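See structure below.
Bear in mind that the values in this text are calculations on the coordinates, not laboratory data. It should be emphasised that the depicted structure is a prediction, and the values quoted were computed from it without experimental measurement. Ideal geometry is used to build each Cβ from the backbone, glycine not excepted, and the neighbour counts take in all protein chains shown.
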Amino acid sequence: MTTSIQPARHAHSPNRRPWSRVLSLVGIVAAVAVVSAGGIAAVGAWTLASKVEANAVDIHPELTEEQSAPGIGALEGGFNVLIVAADNDANQSQALYGERDGATLNDVNMLLHVSQDHKTAVAVSFPRDLVIAHPECEKGDAMRAAPINEAWGRGGLACVVATVTNLTGLDIQYAVSMTFDAVIALTDSIGGVPICLTGRVTDDNVVYPDENGVLQHLDLPAGVTEVQGGLAAGFLRSRHGVGDGGDLSRISSQQQYLSSLVRKLKSNDTLGDFGKLYSLANVVANPEYFTLSTSLSKVDTMISMAQAMRTIDLNNITFVQYPGTTGNPDFPGKVMPTRDAADALFELIKADQPFTLGEDSQPIGTTTEPTAPAAPEAPVDPAVPADPATPTEPSTPQVAGPPVLDGVTGSTAQQETCAIPNTD
């Protein structure tokens, strides 16, 4: 085995690094888009399905056709989908993303797990600089310790699947890769996503195209704003504008965006809208935006996945970050796994055990959206004696709730949060 820790290989363009992480959490958009695109059969878009299949890739080349994952409709139980976005896409705009150079890096890595009873879902986001062991892949030997985003260059989507499987112990049957431009196309296809800010967010390091294609710097007002297209991508890219100005703050605001996106996708105005479903399906079928694994590219598979996701309550869809810490002198600027918290997280996921997050689970850079105060209780008049004829209700036995998972940050899709501006 060899150890590989190398400086990040990025171009010198000032616009490039933010775009290389634009989808750190937005990978789940791909999963939601794919499952919603199961409606392509319902709208009769069989030609779209043919385009998807023609662009599919094999993530388990070592398996025979008989051993490969069947359509989800034929599976009993849960399933796992890995969503990846790789840096260095030759088709992307150099004006927006900077010149491409160096190795291709899988800077977006998100694993979606749906439970066996299809009642809960957990989406785990892996920091791109998370230092982990890598298995042997088509283009590289095993490595004892290297950032997770080196996996793509060692064997493409199949190697990323193998690397995340090696880390988590989960069998990943399905995978999706997406491009930067998919963010703009997806938000446009559903008419935008509302985001909440506790104050004005500005970021001169972020450049995005407005509706006329003119490049703008990010400047968003306090309150709730419906963002789409380039503005949505600009918000998701912003690191210096939110929280403490770091990558974890950016992931937090992206989680907020994704929760809002899921709420909109699961609402009747999206899933019941023929035009939006068809537009969404077109985005997923476009090879400039998405590539699906062969196991996921069948129409019946997407339909079954869509049906499974539609039944999950928003309170039971949880977005979390893989637990990690920074500051290790042996790996400066990298994220080291917090093994105890990670092991606890994946033990619960493997057991399909619902869980709640601890009190300190709110990610850096976001806050729970203020809600209306609870109605005050009616005052008790001490001069009025209690009615002795009123029987005392027997106490109700307490039912043990789901375990509390400490040391992991995240939120549910039901929770409405606001991004906090960076004041430094």
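Brief remarks on what is shown
- Taking the range 200-232 and a reference point 7 angstrom along Cα→Cβ of residue 314, the backbone N atoms nearer than 18 Å belong to 224-227.
- Distance violations [Cα-Cα > 30 Å] among 119/276; 276/350; 139/264: 276/350; 139/264
- The range 94-207: C-alpha gyration tensor shape, a/c 1.5 cut-off, then a/b vs b/c: oblate
- Rounded, prolate or oblate (a/c below 1.5 giving rounded, otherwise prolate when a/b exceeds b/c) for the range 152-212 by Cα gyration tensor: prolate
- From the alpha carbon centroid of the range 126-146 to that of the range 104-118 is 17 Å.
- Derived from the Cα gyration tensor, the three semi-axes of the equivalent ellipsoid of the range 143-294 are 28, 22, 15 Å, largest first.
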